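Read the structure below first, then the notes.
The values are calculated or read from the model by the stated rules, or taken from the named source; none is laboratory data. The structure displayed is predicted, hence computed values, not measured ones. For neighbour counting, all protein chains shown are included, and Cβ atoms are generated from backbone atoms with ideal geometry for every residue, glycine included.
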Amino acid sequence: MAAEPGLQELRELVAEFQPGRGHVLPALHKVQRTYGWVPRAAIEAIARQLNTTPALIYGAVTFYSDFRTHPPAKFEVAWCCGPACRLRGGEAIREAIQEELGIGLDEQTPDHRFGLHVGQCNGTCHEAPQIWVNGRVRGNLTPESARDIIRSLRDGE
Amino acid sequence: MNARLQKLIADAKAAWQAEQSSGRIRVRVTLDTSSIARGAEETLARLQEAAASRKIDADVGITGSWGFCWLEPCVSVRSAAGTHAVLYGNVTPDRVNELVEAIAAGRDLPSLALGVIEGNATAEIPLLEDHPFMKGQVRRLMANLGRIDPENIDHYLAHGGYEGFGKALEMDAEAIVKEVLDSGLGGRGGGGFPTGRKWDFLRNATSSPRYLICNADEGDPGAWVNRILMEGDPHLIIEGMLIAALASHADEGYIYIRYEYPLAFERMKKAVAQAYEKGLLGKDILGTGKNFELIVFLGAGSYVCGEETGLINSIDGYRGMPRIKPPFPAQAGLWNRPTNVNNVESYANAPLILRNGAQWWSSVSDAKEKGTKMFTFSGHVKQAGCIEIPFGPKVRTLLEQYGGGLSGDLPLKGFQPGGPLSGILPASDIDLPLTLDPYRERGMFLGSGGVVFFDQSACILDLCLFFLGFCEDESCGRCTTCHGGTQRAVEILRRIAAGGGRDADLENFENLIGTLVWSNCLHGQFAMTSIKTSLKTFRDEYIEHIVDKVCRAGVCKGLMPGRWARRAAPQPAAAAAS
């Protein structure tokens with residue numbers, strides 16, 4: 001796992017953002033794009049840059065489900081919870097993946113290679129039920145094919 | 001028309017003509033989130049490879065969605081002479097070689113063909129407009145989709161793009177508002193409030209700067225109409241916002257796109273950058289002295305930011321919690337300045353109204369609601385896709401004609417008209433028209449266009465559990481009625497599903513229905529709609545679950561499977577609800 005970036009580095013990263021311009025989310029996005037997650041120090045750096053309190057930035061980070069406060073796993077598996085996926089057997093896919101990985105939603109395997117979280121429908125419902133592995137849709141799943149995907153990722157290295 | 005705009009359009013048309021008459025075969029691959037999910041990137045790469053290696057002498061490019069989402073990747077091939085063009089579907093990477101061979105041999109490939117899009121039908125391939133999926137569709141918003149490159153502003157300009165804006169430049173704000181009011185355009189996010197009236201509120205606001213926001217936080221699971229538009233024709237939305245800016249004297253605009261749509265975000269950003277380059281955005285637009293800045297803003301995964309004041313708070317940099325109204329956004333919105341929020345589709349209609357006139361625009365629909373509406377449909381349907389039709393046809397049309405019927409052999413049980421807040425209707429309501437009123441009369445709403453159909457293998461309580469669980473997750477936490485109420489509803493539904501239903505539960509639900517309506521925003525007010533509507537029409541199923549401990553669909557694991565269950569033997573109650 002990469003070391004947590006230092007405050008100075010983070011300050012430089014968010015130096016372009018200004019107070020009162022709606023820059024909280026853009027700044028957080030830039031941090032997450034750079035490191036894959038939002039480190040604690042980034043909250044401080046953004047708060048200082050935007051002339052506001054760390055509490056407000058922390059409030060935003062925790063309000064929005066797509067900001068991570070921990071480094072991502074190597075394979076981030078998003079399980080689509082949408083209605084089309086649910087109707088086409090999405091719950092069984094979730095159970096299969098959870099069993100295969102031995103983790104629940106919003107958890108990571110101890111080796112940080114797999115993380116599992118809920119994904120919100122992106123409108124590729126023709127591929128239901130589906131998961132996204134690091135953003136790529138893997139669709140038309142059965143519990144068996146979902147397990148196969150996880151296994152092949154696990155053995156892939 | 002503005003001379004600079006005239007020149008932009010003339011140059012773009014000349015460039016398009018030159019491209020058309022280049023004497024090369026034109027291959028266009030639909031590249032959007034739906035097609036990428038089905039391998040379109042590889043399809044595109046292989047076609048480009050074939051062109052680079054001179055296997056085919058073709059110009060390979062990208063385009064937006066035709067709406068055939070279940071048949072992606074779609075590829076159109078136009079003959080070198082430009083007289084014959086065919087749309088192919090299901091050109092997955094493993095089938096692309098067949099298409100390359102056919103192109104190289106100068107013949108069509110009837111096995112993958114969906115229809116002829118230019119020229120005459122052939123003995124083997126009918127016209128695309130005769131395809132059952134295309135019949136009855138009126139493609140206005142989607143007119144450019146599949147035909148132009150969404151990443152090229154010149155393509156848009158060559159197809160009537162920014163002409164509506166050109167006309168608006170010659171009108172005063174009042175006249176633009178009047179034109180939009182005359183058209184009868186209603187908000188496409190589900191509310192149906194006259195768009196012209198909203199613009200007029202902003203026009204009459206007393207302070208400045210003023211802001212326009214495009215709500216592209218299409219959070220309803222099962223709806224992807226805005227995504228199709230943004231990924232296929234982003235300039236339509238920019239032009240719509242420019243027209244709205246002229247009508248309401250707005251200074252700055254934001255397009256708020258949800259985090260789940262990274263491609264739409266990239267395409268919108270690219271389109272905005274191109275519009276700046278051409279002088280269509282920024283300071284002194286086309287030398288007219290008018291200014292309008294446009295910013296593409298990425299959300300971060302919050303459904304309630306689709307509520308206009310939640311969205312405003314989100315841009316402001318706060319948690320996306322809806323505000324208490326009044327004051328309304330037109331009085332105090334973004335940074336407490338006058339603000340107007342419209343849906344993607346609402347803005348996208350403005351260029352069509354200005355270009356062709358209110359009369360033309362409203363003439364298409366017999367219903368009270370004017371104009372066309374895009375719908376997507378999914379669930380237990382054979383074909384999950386996207387269409388554009390005038391308001392008014394029956395829901396049945398969506399299912400049977402466009403959706404290709406149910407995917408399984410079980411009968412239809414019901415459908416959800418649009419989003420987790422919109423409610424659940426039984427199969428007997430399948431002949432309701434796609435207009436706003438019948439749903440309002442039932443205490444629900446049509447929603448933003450994502451219809452989900454389900455057959456008898458679905459359990460109503462399980463669906464309600466999903467919708468209420470979604471509402472619980474996405475509640476902003478302000479109102480106890482909402483965050484506490486949805487939690488109670490989820491708890492009760494889980495308990496029932498695990499076999500612990502109590503006689504008082506129906507009354508519990510009624511209490512919650514009566515309580516949540518006192519929430520501040522629509523999210524809380526409508527969170528119980530799915531239970532409220534299904535309690536009326538699927539009451540038997542609730543009683544079976546609660547009293548008889550039977551789940552007829554066999555979905556609830558703590559209950560005995562009933563007549564529609566596909567599971568052979570009942571599962572032990574120990575494996576109950578997670």
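Okay, residues lined up against (1) surrounded by fewer than 18 Cβ atoms within 10 Å (Cβ to Cβ); (2) over 21 Å from the mean Cα position of the chain (by Cα); (3) under 17 Å from A:Leu25 (Cα atoms); (4) not small (Gly, Ala, Ser):
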| site | (1), (2), (3), (4) |
| --- | --- |
| B:Asp284 | yes, yes, no, yes |
| B:Gly289 | yes, yes, no, no |
| B:Glu293 | yes, yes, no, yes |
| B:Met321 | no, yes, yes, yes |
| B:Lys325 | yes, yes, no, yes |
| B:Phe328 | yes, yes, no, yes |
For region B:199-237, how many residues are more than 12 Å from every other protein chain (Cβ to nearest Cβ) and crowded, with 24+ Cβ neighbours inside 10 Å?
-> 12
Can you name the number of the only condition in (1) free of Cβ contacts under 8 Å to residues at least 60 places away in the same chain; (2) in contact with a strand residue (DSSP E or B) (Cβ under 7 Å, 6 or more places away or on another chain); (3) over 19 Å from B:Leu145 (Cβ atoms); (4) not acidic (Asp, Glu) that B:Tyr254 fails?
-> (1)
When restricted to B:Ser208, B:Ser248, the only residue modelled with pLDDT under 95, hydroxyl-bearing (Ser, Thr, Tyr) and not assigned by TED's automatic domain parsing to the domain that holds B:Phe415 is B:Ser208
Check off (1) surrounded by fewer than 24 Cβ atoms within 10 Å (Cβ to Cβ); (2) within 13 Å of chain A (Cβ to nearest Cβ); (3) modelled with pLDDT of 95 or more for B:Tyr303 and give me the number that stays unchecked.
-> (1)
Kindly indicate which of A:Ala78, A:Ala60 is crowded, with 20+ Cβ neighbours inside 10 Å and in contact with a helix residue (DSSP H, G or I) (Cβ under 7 Å, 6 or more places away or on another chain).
-> A:Ala60
Cβ-Cβ under 8 Å pairs, at least 6 apart or on other chains, region B:330-350 side more than 27 Å from B:Trp224 (Cβ to Cβ) and in the same structural domain as B:Cys305 (by TED's automatic domain parsing), far side among the hydrophobic types (A, V, I, L, M, F, W, C) and assigned to a loop (DSSP other than H, G, I, E, B) | B:Ala330/B:Ala205; B:Gln331/B:Ala205; B:Pro338/B:Ala205; B:Pro338/B:Ala330; B:Pro338/B:Ala332
Taking B:Lys325, is it among the basic types (Lys, Arg) and more than 14 Å from every other protein chain (Cβ to nearest Cβ)?
-> yes
Please go through region B:400-437 and pick out each residue that is under 12 Å from B:Ala458 (Cβ atoms) and without any contact (Cβ under 8 Å) to a residue 24 or more places away in the chain.
-> B:Ala427
When you scan region B:389-411, how many residues do you find that are under 20 Å from B:Ser363 (Cβ atoms) and part of a loop (DSSP other than H, G, I, E, B)?
-> 3
Residues (buried (at least 23 other Cβ atoms within 10 Å of the Cβ), aliphatic (A, V, I, L, M) and either out of contact with any Phe, Trp or Tyr (no Cβ under 9 Å at 6 or more places or on another chain) or not in a helix (DSSP H, G or I) (or both)) located in region B:508-539 = B:Ala527, B:Met528
For region A:72-114, which residues satisfy the criterion of being of a type in the set (D, E, K, R) and either in contact with a His (Cβ under 6 Å, 6 or more places away or on another chain) or within 12 Å of another protein chain (Cβ to nearest Cβ) (or both)?
-> A:Arg86, A:Arg88, A:Glu91, A:Arg94, A:Glu95, A:Glu99, A:Asp106
Qualifying residues in region B:357-385 (those that are touching a strand residue (DSSP E or B) at 6+ places or on another chain (Cβ under 9 Å), outside any strand (DSSP E or B) and among the polar types (S, T, N, Q)) - the one farthest from the other protein chains (Cβ to nearest Cβ) | B:Ser365
Residue in region B:333-345 that is of a type in the set (Gly, Ala, Ser) and either within 17 Å of the chain's Cα centre (by Cα) or away from every other protein chain (no Cβ under 14 Å) (or both) present = no
Do we find that B:Glu441 is without any contact (Cβ under 8 Å) to a residue 24 or more places away in the chain and closer than 29 Å to B:Gly554 by Cβ in this structure?
-> no
Requiring at least 1 residues that are touching an Asp or Glu at 6+ places or on another chain (Cβ under 9 Å), crowded, with 16+ Cβ neighbours inside 10 Å and within 14 Å of chain A (Cβ to nearest Cβ), the helices (runs of 4 or more DSSP H) wholly within region B:1-82 are B:33-37, B:40-52
Tell me, which residue of region B:465-485 that is more than 12 Å from chain A (Cβ to nearest Cβ) and either closer than 18 Å to A:Pro83 by Cα or within 23 Å of the chain's Cα centre (by Cα) (or both) is surrounded by the most Cβ atoms within 10 Å (Cβ to Cβ)?
-> B:Cys471
Subset of region B:187-198 (residues that are at pLDDT below 95 and buried (at least 21 other Cβ atoms within 10 Å of the Cβ)) | B:Arg188, B:Gly189, B:Gly190
